[in-house]
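Please read the structure below before turning to the comments.
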């Protein structure tokens, strides 16, 4: 086995270990609305006043072999067989559905299989010399569209249903994959990648750049006529996937579903993992590198889960991602203390960011997460078809304005060229921004750090700006969030503005795709570098 093959095998094995480690967590996340009734089943009740999915086109299972896939108005739905899903009617008229232990195991295996597919796709593309994950995203999306057009919606629906659990998992956890970029930020300050004298100018660039991207996108989006209002669906009509993307009957909340990505009861398991890693390192039963990677990974999961499960008042002051970042720094300091004077805090961060450190493991999941966005595009295909011109035009124009506006602002503030190049991708989701940084010759760590900070600015400022500007158009609000705060801002809309969320979900992918394609054009790339160097 060659060295490259060994590395790919090690990467795949490590990633599978990560998936297996948090498999129980994402099972809890996926069924967060189901209240456990017994040790072996979940239960969910539908009141008679709630939508009747069967009357809207869902078919009850006729045999016990495979799931039934139902397509209603171009939207895909899955009704599990009675071996996994049993329905009973209680005295109050509500319907109880129970998922058996075997059904839960099959669902877990399907999620793992979906994640492995997107990981394999990402590795295969990189092995073929295609470094950008956007190729996989557009490829899978195009495949689903072609299958639907040529073989019918049922065939495309089967492919979608097979990959959908892995897609949900990757996108649900995508915010955690942003964390390593900011955890490693002290290294950039110490090494001089970010001069202390440039920090004030950099802060001004990020704030003014965010506002510029937001207002320019609002102006571009308002050029187009308002979207045609869609009448609210009646209780007997299935809600379109563009508005309610969950494809499982009786699961009524839109994705990303509100709440913690895993239950609080798993937090002690992550603490136990940290303790076991320290003990194994002390006894010499595991190498320092392996034990540290396990310790830091468990610390990241613990601090992220603790932040997600914190009271709303605390999360309003400290976002769960910041909780995870601070928790990772504390964990790095604790590991340095127990390792002795020969290991410093910065040494731990250096190992954290290098393979097979926890930071490198989390970061390598960004590529598969981008590939999984292909299903998000397919899920919103009706919305794309209905309003293709305003969405596409606004996304492409906003991407161009953001790139050249950021370059001009960085030059006006006198930032070093290295910081200017790293800031060009600030409005693009992290995995694609890393690829853009490579094309531009920018520092990837700085690039991703600016992306994350820009996303937090959007989460904090966008709701206030929506109110001050009295933006009544859901399309304008969604695209403005997408163009200025990428995926992090989009996730925040899932709970606060469900009408704007579908537009933002499509828009942030298209803005990222347009930005990545623009910097691949030699004249555009040369013009950006020229602006920053003059």
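The values are calculated or read from the model by the stated rules, or taken from the named source; none is laboratory data. Given the structure is predicted, the values throughout are model-derived calculations rather than measurements. In this analysis, Cβ positions are derived from the backbone assuming ideal geometry, glycine residues included, and neighbour counts consider all displayed protein chains.
Could you tell me which of the residues 106, 138, 143, 121 is in the same structural domain as residue 439 (by TED's automatic domain parsing) and free of Cβ contacts under 8 Å to residues at least 60 places away in the same chain?
Values: 106 fails: in the same structural domain as residue 439 (by TED's automatic domain parsing); 138 fails: free of Cβ contacts under 8 Å to residues at least 60 places away in the same chain; 121 fails: free of Cβ contacts under 8 Å to residues at least 60 places away in the same chain.
Going through 106, 138, 143, 121 in turn, the sole match is 143.
Of the set (1) out of contact with any helix residue (DSSP H, G or I) (no Cβ under 9 Å at 6 or more places or on another chain); (2) closer than 26 Å to residue 439 by Cα, all apply to residue 409 but (1). Against the definition (in a helix (DSSP H, G or I), farther than 28 Å from residue 528 by Cβ, in contact (Cβ under 8 Å) with a residue 60 or more places away in the chain and not assigned by TED's automatic domain parsing to the domain that holds residue 194), how does residue 375 come out, yes or no? In short, no. Checking every residue in the stretch 428-448 against the condition of being at pLDDT 85 or above, closer than 28 Å to residue 222 by Cα and touching a helix residue (DSSP H, G or I) at 6+ places or on another chain (Cβ under 6 Å) gives at least one match. For the stretch 513-525, filtering for residues that are assigned to a helix (DSSP H, G or I) and either in contact with a strand residue (DSSP E or B) (Cβ under 9 Å, 6 or more places away or on another chain) or farther than 15 Å from residue 422 by Cα (or both) leaves 8.
Yes/no per residue for (1) surrounded by 17 or more Cβ atoms within 10 Å (Cβ to Cβ); (2) outside any helix (DSSP H, G or I); (3) not assigned by TED's automatic domain parsing to the domain that holds residue 456:
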{"position": "294", "(1), (2), (3)": "yes, no, yes"}
{"position": "304", "(1), (2), (3)": "yes, no, yes"}
{"position": "316", "(1), (2), (3)": "no, no, yes"}
{"position": "328", "(1), (2), (3)": "yes, no, yes"}
{"position": "335", "(1), (2), (3)": "yes, no, yes"}
{"position": "341", "(1), (2), (3)": "no, yes, yes"}
{"position": "346", "(1), (2), (3)": "no, no, yes"}
{"position": "359", "(1), (2), (3)": "yes, no, yes"}
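Of these, 134, 119, which one is surrounded by 15 or more Cβ atoms within 10 Å (Cβ to Cβ), modelled with pLDDT under 85 and closer than 23 Å to residue 486 by Cβ?
134
Residue 177 satisfies every condition listed in (1) within 27 Å of residue 356 (Cα to Cα); (2) touching a strand residue (DSSP E or B) at 6+ places or on another chain (Cβ under 6 Å) except (2).
Yes/no matrix, rows are residues, columns are (1) without any contact (Cβ under 8 Å) to a residue 12 or more places away in the chain; (2) surrounded by fewer than 24 Cβ atoms within 10 Å (Cβ to Cβ); (3) under 17 Å from the mean Cα position of the chain (by Cα); (4) not in a loop (DSSP other than H, G, I, E, B):
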| site | (1), (2), (3), (4) |
| --- | --- |
| 455 | no, no, yes, yes |
| 464 | yes, yes, no, yes |
| 472 | yes, yes, no, no |
| 477 | no, no, no, yes |
| 482 | no, no, yes, yes |
| 488 | no, no, yes, yes |
| 493 | no, no, yes, yes |
| 506 | no, no, yes, yes |
| 509 | no, no, yes, yes |
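With the structure loaded, tell me whether residue 438 is in a helix (DSSP H, G or I), surrounded by 24 or more Cβ atoms within 10 Å (Cβ to Cβ) and either in contact (Cβ under 8 Å) with a residue 12 or more places away in the chain or at positive phi (or both) or whether it fails that test. Quick ask: steps written out before the conclusion?
Working: in a helix (DSSP H, G or I): yes; surrounded by 24 or more Cβ atoms within 10 Å (Cβ to Cβ): no; either in contact (Cβ under 8 Å) with a residue 12 or more places away in the chain or at positive phi (or both): yes.
It is false that residue 438 is in a helix (DSSP H, G or I), surrounded by 24 or more Cβ atoms within 10 Å (Cβ to Cβ) and either in contact (Cβ under 8 Å) with a residue 12 or more places away in the chain or at positive phi (or both).
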